[in-house]
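Below is one structure, written out as structure tokens; comments come after it.
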Amino acid sequence: MFRTFLCCVATILSAGSSLADDAITYRFSPVNQWDINKTAAYWNPIINYVSEKSGIKLQLKIGRTSADTTSYVLAQEVEFVFSNHLFSPEREKLGWKVFARRKLPALHGQIAVPADSPITTIEQLKNQEMAFAGPEAFIGYKVPYAYLLSRGVDVKVVFGGNQNAAFAQMFAGKVKAVGSNSQLIEGYAARENKPFRVLWSSDGYHDLALMASSKVPDKDLKAIANAFIGMNADPRGKDILHQASVSVGLADDAYFIPASASDYASYRRFYQSAPPPLR
């Protein structure tokens, strides 16, 4: 009888394992905002939690550069993203849905130099090398570069691949300035004890969006959205968010809230007047 019981338990466990193996897996790609190790350290515990709470497995897919997430979208290699690269008129035709964002102060595109730099005005950057994360970075590249073009300040653009690499190039003296967003500049300054002087700040924009492909069934999207949005109400989820945020220099209260396409109207307004190369 005991042997029969063990056989039944083994059968049940095997069946459970089979169900887990057969469960659908969605690929999630957040923009590589920091560097690949810090981005993975931030997102892995969050994705594990969301997978557990939703009952739907999310597989993290991080690109080497900040532009790779968009490449994955265009190649249909991911179903979920954390990005602000999909609000141009052409990209919106792809049908991705905004469902959440982090609750954080507005982000500002900024142009910055080391605090001890002799450069004190935007005009002094003319014909100088300036680093950006990559060509897809909306707040960190498109917004500040559009401003430079509007002022007639031609700079020699250098793409670092991710924001930390761009910062490192500047502090190593390889470029004179960086374009970034205020959140990443503040986080890097605090984390690395590297002070900046900000020469210019844009109007505010919402943080990046959690978005889903139109191919994701509504029931799966709802389960995953609820898991993200519910994290801050669950003590364990709140602790995961806190630890992840501290690891990259974000505010302790960087949790997820519901969002929709209307929250990103300012992005669309930018594209209406942006120089053609930045659209």
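Listing Asp218, Asp239 from fewest to most neighbouring C-beta atoms within 10 Å gives Asp218, Asp239.
By count of other Cβ within 10 Å, fewest leading, how are Trp43, Trp200 ordered? Exposure proxy ranking, most exposed first: Trp200, Trp43. In the chain, the DSSP beta bridges split such that about 65 percent are antiparallel, to the nearest 5. Couplings 3J(HN,Hα) for segment 124-133, derived from phi with the Karplus relation 6.51 cos²θ - 1.76 cosθ + 1.60 (θ = phi - 60°), are 6, 7, 4, 6, 9, 7, 9, 9, 9, 4 Hz, where x marks Gly and Pro.
Taking each residue as 0.36 nm, the span from Thr25 to Arg269 lengthens on full extension beyond its C-alpha to C-alpha distance by 84.3 nm. Look at Thr69, Thr39 and count the other Cβ atoms within 10 Å of each Cβ; fewest to most, that gives Thr39, Thr69. Residues whose amide H lies under 5 Å from that of Arg197, counting only those 5 or more places away or on a different chain, are Val113, Ala115; hydrogens are built 1.01 Å from N in the peptide plane. Nearest 10 degrees, 0 to 90: what angle lies between the long axis of helix 2-22 and the longest principal axis of the chain (Cα atoms)? Once rounded, the angle reads 30 degrees. List the pairs from Lys103/Lys126; Lys53/Lys194; Lys38/Lys215; Lys93/Lys194 whose alpha-carbon separation is above 31 Å, in the order I gave them. Result: Lys103/Lys126; Lys53/Lys194; Lys93/Lys194 exceed 31 Å.
Only beta bridges with both residues in segment 107-205 are counted; by DSSP, about 65 percent of them are antiparallel. A DSSP coil position with no more than 16 other Cβ atoms inside 10 Å describes none of the chymotrypsin sites (Phe, Trp or Tyr not before Pro) in segment 71-133.
Between the helical axis of 218-230 and the longest alpha-carbon principal axis of the chain there is an angle of about 70 degrees.
Where a number appears in this text, it was derived from the coordinates with a stated rule and is not lab data. Just so we're clear, the structure is a prediction, and the values are computed from it rather than from any experiment. Quick reminder, even Gly has a Cβ in these numbers, built from the backbone with ideal geometry, and neighbours come from all protein chains shown.
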